Amino acid sequence: MALRQAIADPLLRRFLIGVAMGLTAIAIIYSPWGKRSGAHINPAVTLTFWRLKKIQTWDACFYIAAQCMGGLTGLWLASILLGGAIADPSVNYIVTIPGREGELAAFLAELAISFGLMTVVLNVSNHMRISQFTGICAGILVATYITFEAPISGMSMNPARTLA
């Protein structure tokens, strides 16, 4: 609550959160684990690569199970470390709540940003000259989406996060 009061402008707050999340995504993508796994931290990414036959069905199933378990484990750890703060009505377990435009607008916005992210990832990663910038492009998109799209859908862009 103190941070919310310190930064009164909601656009600036979302921008700062977006930058933090974008940098986190970039760090994960370029980390040794991210390089080893293909940085599949989102079931939508895994399903896209599975559909393109870039990964086997068995691997896709385990990736998605691990992503969902990771989301649930993260929430469980947060509840242990933060105690009742995570359950506070202002946080509400970080539930994704559609904006005032409603559930249909939230669904369409999530569909659009997921499509946009995967389009950029696939196009950038498949061009030899710029493929090394795929993670940076993804991080910039995450930051942009959080800044501008979050009021519409609550900004999940990750089914494993929404499940948790």
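The values are calculated or read from the model by the stated rules, or taken from the named source; none is laboratory data. Nothing here was measured: the structure is a model prediction, and the numbers come from that model. Neighbour counts are summed over all protein chains in view; Cβ atoms, including those assigned to glycine, are modelled from backbone coordinates with ideal geometry. We work out accessible area using only protein heavy atoms, side chains counted, and drop any ligands, DNA or RNA first. Shrake-Rupley method; radii C 1.70, N 1.55, O 1.52, S 1.80 Å.
Computed in the context of the full set of protein chains, the accessible area of the chain at 1.4 Å probe radius has 71% of its extent on carbon or sulfur. Please report the spacing between the Cα centers of segment 33-58 and segment 136-162 in Å, no decimals. So the separation of the two Cα centres works out to 19 Å. Between N123 and K35, the distance separating the two model label sites (each 7 Å from Cα on the Cα→Cβ line) works out to 2.7 nm.
In the context of the full set of protein chains, residues of the chain present 65 Å² of accessible surface per residue (probe radius 1.4 Å, heavy atoms only).
Measuring with a 1.4 angstrom probe and ignoring ligands and nucleic acids, L11 comes out at about 70 Å² accessible. Placing one equal scatterer on every Cα of segment 14-164 and applying the Debye formula, the log10 ratio I(q)/I(0) at q = 0.11, 0.15, 0.19 Å⁻¹ is -0.45, -0.85, -1.35. Rolled with a 1.4 Å probe across the full set of protein chains, the surface gives S79 an accessible area near 40 Å². Its convex hull of Cα atoms gives segment 5-49 a direction-averaged projected area, equal to a quarter of the hull surface, of 4.1 nm².
Scanning the chain for trypsin sites (Lys or Arg not before Pro) that sit in a DSSP loop and have at most 11 other Cβ atoms within 10 Å, the longest stretch containing none of them is 1-52.
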